[in-house]
1. Rank Ala152, Ala116, Val38 by how far each Cα sits towards the positive end of the charge dipole of region 3-205 (+1 on Lys, Arg Cβ; -1 on Asp, Glu Cβ) and give me just the farthest.
2. Output wanted: per-residue J couplings in Hz (rounded whole) for region 79-86, from phi through Karplus 6.51 cos²θ - 1.76 cosθ + 1.60, θ = phi - 60°, x for Gly and Pro.
3. Helix-derived [θ] at 222 nm for the chain: sum -39500 (n - 2.57) over DSSP H runs of at least 4, divide by residue count, nearest 500?
4. Quick one: Cα convex hull volume of the chain, Å³ per residue?
5. With contacts defined as alpha carbon pairs under 8 Å and 6 or more residues apart, what's the relative contact order of the chain in percent?
6. Rounded to the nearest 20 debye, what is the charge dipole size of region 3-205 about its Cα centre when +1 sits on each Lys and Arg Cβ and -1 on each Asp and Glu Cβ?
7. As an exercise, identify the trypsin sites (Lys or Arg not before Pro) in region 32-102 lying in DSSP coil whose Cβ has no more than 13 other Cβ atoms within 10 Å.
8. How many angstrom separate the Cα center of region 146-175 from the Cα center of region 101-135?
Amino acid sequence: MNDSEDQAIHRLTAPAAARNAAPILEVLRGALPARGMVLEIASGTGQHAVHFAAALPGIAWQPSDADPRARSSIAAWQVHAGLANLREPLDLDVRREPWPVGAVDAIVCINMIHIAPWEAAVALMKGAGARIAAGGALVLYGPYRRGGAHTAPSNETFDADLRARDPSWGVRELEAVEALAQTEGFVCEAVVPMPANNFSVVFRRQPARAGE
């Protein structure tokens with residue numbers, strides 16, 4: 001087996017990642033700086049990392065994942081793509097301190113907080129607050145409940161399936177996520193409806209108030 005064949009075996013693919021990459025990229029173009037370091041948390045297969053790094057050459061794209069199999073896939077995609085601005089994946093679980101990365105200009109987290117305990121969302125916000133300076137963005141993507149209700153019957157079914165698999169999982173209340181973000185100095189800048197009844201949520205870090 002040659003190196004190319006070996007990489008192909010390790011490059012995982014997810015149909016949803018292929019479908020939603022372009023719409024998410026449009027949100028990122030408006031939310032992220034033209035240049036700087038962006039940390040992607042829970043990068044999964046690595047398809048998004050390649051797509052975004054290729055489209056945003058001024059950004060150093062740092063993928064990460066807590067799952068060794070995912071990191072293997074991300075690394076294989078990185079080698080396959082050959083992009084100078086796409087870094088090797090980090091072993092990062094938001095609940096495990098210290099994170100293996102320092103200050104960053106923005107953080108992107110796609111489809112994580114509903115497939116993890118609420119403690120992961122808390123840790124994500126805490127880690128983002130410690131690493132993103134005023135003006136930086138935290139961008140989340142996924143399904144949310146709004147005003148105490150699901151936004152589509154399919155999301156209600158998905159939520160029930162998640163909670164059956166693990167009671168600590170589930171589609172989160174957007175208002176609760178916004179309140180959590182505020183505790184770390186972020187304000188909600190935009191909630192963008194996306195395909196398949198998902199949302200991109202852009203939070204912006206605010207300057208610290210006097211005395212903080």
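Any read-out appearing in this document is the output of simple, stated calculations on the displayed coordinates, not a laboratory observation. Because the structure is predicted, anything quoted here is derived from the model rather than measured. Virtual Cβ from ideal backbone geometry, glycine too; neighbours counted across all protein chains shown.
1. Val38
2. Whole-Hz 3J(HN,Hα) from phi for region 79-86: 5, 4, 6, x, 8, 5, 9, 9.
3. Computed mean residue ellipticity for the chain: -12500 deg cm²/dmol.
4. It comes to 125 Å³ per residue, whole-number rounded.
5. About 18 percent, as a whole number.
6. Numbers: 18 positive and 22 negative charges, 68 e Å.
Dipole magnitude for region 3-205 comes out near 320 debye.
7. Qualifying residues, ordered by number: Arg35, Arg96.
8. Here the answer is 21 Å between Cα centres.
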